[in-house]
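Visitor: Next up is a structure, given as structure tokens.
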Amino acid sequence: MWQLGLPWALALLAAAASSGPSAEPPDPTSIFADLSPAELRAVRTFLMERPELGLSPSRGGPLAKNSLFLVELLPPKKRSALRFLEHGGARPRREARAVIFFGAQAEPNITELAVGPLPRPSSYRHLAFKGGRAVPFWARPMTRLEYDLLHEALVAAMAPLEPLLREATGFGFQNCSERCLTFSDIAPRGLGPGERRTWLVIQRFVEGFFLHPAGLEVLLDHRDPDPRRWAVRRLWYNGRYFGSVRELAESHARGALPLARLPEPPARHLFSSYEPRGRFSSGTPTEVHGAKVCEPQGRRYRLRGNRLEYGGWSLAFRLRSSAGLQLFDVRFGGERVAYELSVQEAIAFYGGHSPAAMQTKYMDAGWAMGASSYELARGVDCPETATFLDAYHLLDADGPVRFPHALCVFELPTGVPLRRHFDSDFQGGFHFYAGLEGRALVLRTTSTVYNYDYIWDFLLYPNGVLETKVHATGYIHATFYTPEGRRYGSRVHSHLLGNIHTHLVHYKVDLDVAGSGNSFETMDIRFENISNPWSAGAR
């Protein structure tokens, strides 16, 4: 009996503690805090119980169903937030943004709802887009269910090509438990509105499979909600296009197809492996620890919920599931300098000779950059001294999912003085030397969006400078090498082309310097040709 009674006792104690006179009021900036697991569950339960929505679980079932795809915080409007933060106004209503796939109705679409008030939701309203247009069902992000169905459809369609694939790569799709082939999908999924057909890059499933294309790319049409109607529309193999699987298979059977035979991958020291190997020619030690960050007198920053304080800085932060890090109410010396600084989108445009390469234009928020924030490694991704924070996301799942150590906070020596001066007496001595150590506080997370790993940093400096950085690492998005491909990239391995591409990262920057009514302008410099006032005739 005690096992049943204990949770109730703990709940009563927690309730008493939260309502007692010693309980601290919530920090005002908690209006920007991410939804808690309890709030995420409450929103999902409320929506699942609405009969008019007709929602089904995210996992399993058909694609043509109504399902809850995403739940995240819907931040309050700026005007009501400032009224609360600065003028003692009412606390803004706490709401969630919910994205629903309505696939089981006459006109399938994607709908966004505002759900509240939290923590006990009782109503919802539609969030309309400009012009009142609906988002069509074919424009939805991919789900795990659709990826599973896509893999099943691809395996079935590739059956006639199994002899070709085994001969050329030593790997296959059919009845596969090892030495398997896999695929990477690219976007956009078509050339115009209404399409949902994706080029799939076939790869050998080894460590770093992104760098092991098999020379085959397949265009699979999967717009129809019924996977039985999906079909392969085109194929590209080793520089040649084919109209059907049968055409390619028959070309191979006749011996008319130039095969791109790939070498057997080594059991150890595979080039795409992350296993450290090799030595530097200088002979300096590489197998001992390098420099480390230390805090000899403890931390110089403070975390209180979603509020971060450091020197003259204070701010609220959250990890938005769909896009990533957001800062709110950013203050220095008690004065707000920005209402919001946030990551919005990361885009990569590619060029190439193969269809997948020339079609690739990734918009990474479509892969939920914030919910791609996997565990940070202590001592590598962040210093050993860092503070690590968990995140919770409800994305394409039937409940909140914990992402351990998704963010970290640490103070970092910059290696450059914040300021310094050597005051020389110009006689071999000096009057004084003065300097300040350069340090910054770093708030960091990562987004592993397929092959790329983005490292997102916000840095706070003690002199009032705020910097944002993004580092791109992981694996390159590469395609199969053909001589024609050299126009669009570099040959980085025997059968591998590193495709030309460019990155575009978009931040939202809402500065509130000296109030919210400020404006922004740029200034240019130009030469001015005037008479010299102290030397006649000179210009």
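Visitor: Quick check on this structure: which one of F280, F242 is without any contact (Cβ under 8 Å) to a residue 40 or more places away in the chain, in contact with a helix residue (DSSP H, G or I) (Cβ under 6 Å, 6 or more places away or on another chain) and not assigned by the TED database to the domain that holds R444?
Guide: After ruling out the rest, the residue left standing is F242.
Visitor: I've got another one for you. So which of L319, L341, L327, L376 ends up being in a strand (DSSP E or B), in contact (Cβ under 8 Å) with a residue 40 or more places away in the chain, assigned by the TED database to the domain that holds L412 and farther than 24 Å from F520 by Cβ?
Guide: Of the residues listed, the single one that is in a strand (DSSP E or B), in contact (Cβ under 8 Å) with a residue 40 or more places away in the chain, assigned by the TED database to the domain that holds L412 and farther than 24 Å from F520 by Cβ is L319.
Visitor: Sticking with this structure for a sec: Scan the stretch 148-157 for residues that are open to solvent by 40 Å² or more (accessible area, probe 1.4 Å) and in contact with a strand residue (DSSP E or B) (Cβ under 8 Å, 6 or more places away or on another chain) and report the count.
Guide: 1
Visitor: Now a separate question. Take the conditions within 24 Å of the chain's Cα centre (by Cα) and crowded, with 19+ Cβ neighbours inside 10 Å and apply them to E112. Does it pass?
Guide: no
Visitor: Right, something else. Tell me which residues, restricted to the stretch 380-408, are surrounded by 20 or more Cβ atoms within 10 Å (Cβ to Cβ), in a strand (DSSP E or B) and more than 17 Å from the chain's Cα centre (by Cα).
Guide: Scanning the stretch 380-408 gives a single hit, C382.
Visitor: If you don't mind, another one. What do you reckon, is A434 of a type outside the set (F, W, Y) and farther than 30 Å from W236 by Cα?
Guide: Criteria met by A434.
Visitor: Here is a further query. Out of R336, R420, R318, I need the residue that is among the basic types (K, R), touching a Leu at 6+ places or on another chain (Cβ under 9 Å) and open to solvent by less than 10 Å² (accessible area, probe 1.4 Å). Which one?
Guide: Exactly one residue qualifies, and that residue is R318.
Visitor: Next question, about the same structure. Tell me, which strands (runs of 3 or more DSSP E) wholly within the stretch 428-471 include 1 or more residues that are open to solvent by less than 60 Å² (accessible area, probe 1.4 Å) and in contact with a helix residue (DSSP H, G or I) (Cβ under 6 Å, 6 or more places away or on another chain)?
Guide: 439-449
Visitor: Under 7 Å between Cβ atoms, at least 6 apart or on separate chains: pull out the pairs that start in the stretch 430-448 with a residue that is without any contact (Cβ under 8 Å) to a residue 40 or more places away in the chain and end on any residue that is of a type in the set (F, W, Y) and surrounded by fewer than 15 Cβ atoms within 10 Å (Cβ to Cβ).
Guide: Listed pairs, sorted by first residue: F430/F422; Y433/F422.
Visitor: Given the residues R189, R140, which is the only one that is open to solvent by 20 Å² or more (accessible area, probe 1.4 Å), within 22 Å of P225 (Cβ to Cβ), within 25 Å of the chain's Cα centre (by Cα) and of a type in the set (K, R)?
Guide: None of the others qualify; the one that does is R189.
Visitor: Only one of these is free of Cβ contacts under 8 Å to residues at least 40 places away in the same chain, out of contact with any Ser or Thr (no Cβ under 8 Å at 6 or more places or on another chain) and over 18 Å from E39 (Cβ atoms): G88, G60. Name it.
Guide: Unique residue meeting the criteria: G88.
Visitor: Give me the pairs: first residue in the stretch 111-137 and over 10 Å from E95 (Cβ atoms), second residue among the aromatic types (F, W, Y) and open to solvent by less than 30 Å² (accessible area, probe 1.4 Å), beta-carbon distance under 8 Å, and six or more apart or on different chains, which are they?
Guide: T111/F102; S122/F46; F137/F101; F137/F102
Visitor: Follow-up question, since we're still on this one. If a residue must be farther than 22 Å from E467 by Cα and surrounded by 10 or more Cβ atoms within 10 Å (Cβ to Cβ), how many such residues does the stretch 490-530 contain?
Guide: 11
Visitor: While we're on this one: Given the stretch 218-315, what strands (runs of 3 or more DSSP E) lie entirely inside it while holding 2 or more residues that are open to solvent by less than 60 Å² (accessible area, probe 1.4 Å) and farther than 30 Å from A338 by Cα?
Guide: Counting at least 2 such residues, we get 231-237.
The values are calculated or read from the model by the stated rules, or taken from the named source; none is laboratory data. These numbers come from a predicted model, not from an experiment. Please note: Cβ atoms are built from the backbone with ideal geometry, for glycine as well, and neighbour counts cover all protein chains shown. Keep in mind that these areas ignore ligands, DNA and RNA; they rest on the heavy atoms of the full protein, side chains included. Shrake-Rupley method; radii C 1.70, N 1.55, O 1.52, S 1.80 Å.
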